[in-house]
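**Student:** Quick one: structure below, then a few questions.
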Amino acid sequence: MSNMSRNANFVIPLPAIPSVAVDGTAARFPGRRIFCVGRNYADRAREMGRDPDREPPFFFLKPSDTVVDNGVSVPYPPQTRNFHYEIELVVAIGVGGAAIPIDRALEHVYGYTVGRLWLAVNGVVKQDSDISKLIWGVPEIISFISESMMLAPGDLIMTGTPEGVGPVVRGDLITGGIEGIGEPRTQIH
């Protein structure tokens, strides 16, 4: 889209494009939609009172403007008393498609982080798992989503969070990590 057509005749200013930093570069990955996989770790599904062996994956969407950069504080939502921490493997889609076969799914990935996942609240580890424990792997997730809607460049897929999710309060410092990648951090204010 050219700048002229992008800025022509809008009745309000265009919102900023949500984006994610690309590690090791000054580049940014523009976020389009965020697909979330629910109950994709067996122990997390059990923690929620579900049977992980009998349910197909389910998905929900989050607005892309919920993405925050590393080190940015997150405000505590004023209308909740149940705000939780969680960490997930996130897959960035670089090539769109529909009805993507499992064996071709990884061709659509721009990038993602792999390793062990951990999350701490105020220095106390609350989640510590491995992506090998995913019920539905990345190729299966991509294929499954693409059966019901077309994936597009810029889509992000949050693959699910492991067991150990819990509440946060104002002032909590949330740190996390994926082995060999780094340690994101945010504070709740």
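**Student:** Based on this model, can you work out whether Ser132 counts as in contact with a helix residue (DSSP H, G or I) (Cβ under 8 Å, 6 or more places away or on another chain) and outside any strand (DSSP E or B)?
**Tutor:** The answer is no for Ser132.
**Student:** Ok, one more. Hey, any hits in segment 105-119 for a residue that's free of Cβ contacts under 8 Å to residues at least 12 places away in the same chain and out of contact with any His (no Cβ under 9 Å at 6 or more places or on another chain)?
**Tutor:** No - not one qualifying residue is present in segment 105-119.
**Student:** Residue under question is Gly154, and the condition is that it be surrounded by 20 or more Cβ atoms within 10 Å (Cβ to Cβ) and on the phi > 0 side of the Ramachandran plot; does it hold?
**Tutor:** yes
**Student:** Looking at Phe35, Phe58, can you tell me which residue is within 16 Å of Leu151 (Cβ to Cβ) and either touching a strand residue (DSSP E or B) at 6+ places or on another chain (Cβ under 8 Å) or in contact (Cβ under 8 Å) with a residue 40 or more places away in the chain (or both)?
**Tutor:** After ruling out the rest, the residue left standing is Phe35.
**Student:** Moving to a separate point now. Can you run down the residue pairs with Cβ atoms below 7 Å, 6 or more apart or on separate chains, where the first is in segment 160-173 and of a type in the set (A, V, I, L, M, F, W, C) and the partner is in a loop (DSSP other than H, G, I, E, B)?
**Tutor:** Val165/Glu86; Val168/Phe83; Leu173/Asn122
**Student:** A further question on this structure: Hey, can you tell me all the residues within segment 80-102 that are aliphatic (A, V, I, L, M), more than 16 Å from Pro184 (Cβ to Cβ) and in contact (Cβ under 8 Å) with a residue 60 or more places away in the chain?
**Tutor:** Residues satisfying the conditions are Val91, Ile93.
**Student:** Let me ask something additional. Scan segment 77-109 for residues that are of a type in the set (Ser, Thr, Tyr) and out of contact with any Gly (no Cβ under 9 Å at 6 or more places or on another chain) and jot them down.
**Tutor:** Within segment 77-109, just Thr80 meets the criteria.
**Student:** Let me ask something additional. Which residues, counting only those in segment 46-66, are of a type in the set (A, V, I, L, M, F, W, C) and modelled with pLDDT of 90 or more?
**Tutor:** Phe59, Phe60, Leu61
**Student:** Just a yes or no: is a residue in segment 1-15 open to solvent by 60 Å² or more (accessible area, probe 1.4 Å), of a type in the set (Val, Ile, Thr) and within 19 Å of Glu183 (Cα to Cα)?
**Tutor:** Scanning segment 1-15 turns up no residue that is open to solvent by 60 Å² or more (accessible area, probe 1.4 Å), of a type in the set (Val, Ile, Thr) and within 19 Å of Glu183 (Cα to Cα).
**Student:** If we keep just the residues of segment 35-57 that are more than 15 Å from Glu86 (Cα to Cα) and among the hydrophobic types (A, V, I, L, M, F, W, C), which is most open to solvent (accessible area, probe 1.4 Å)?
**Tutor:** Across segment 35-57, the extreme among qualifying residues is Ala42.
The values are calculated or read from the model by the stated rules, or taken from the named source; none is laboratory data. Note that the coordinates shown come from a computational prediction; the quantities given were computed from them, not determined experimentally. Cβ: placed from backbone, ideal geometry, glycine included. Neighbour counts: every protein chain shown. When the accessible area is computed, the model is the full protein with side chains, heavy atoms only, and any ligands, DNA or RNA have been set aside. Shrake-Rupley method; radii C 1.70, N 1.55, O 1.52, S 1.80 Å.
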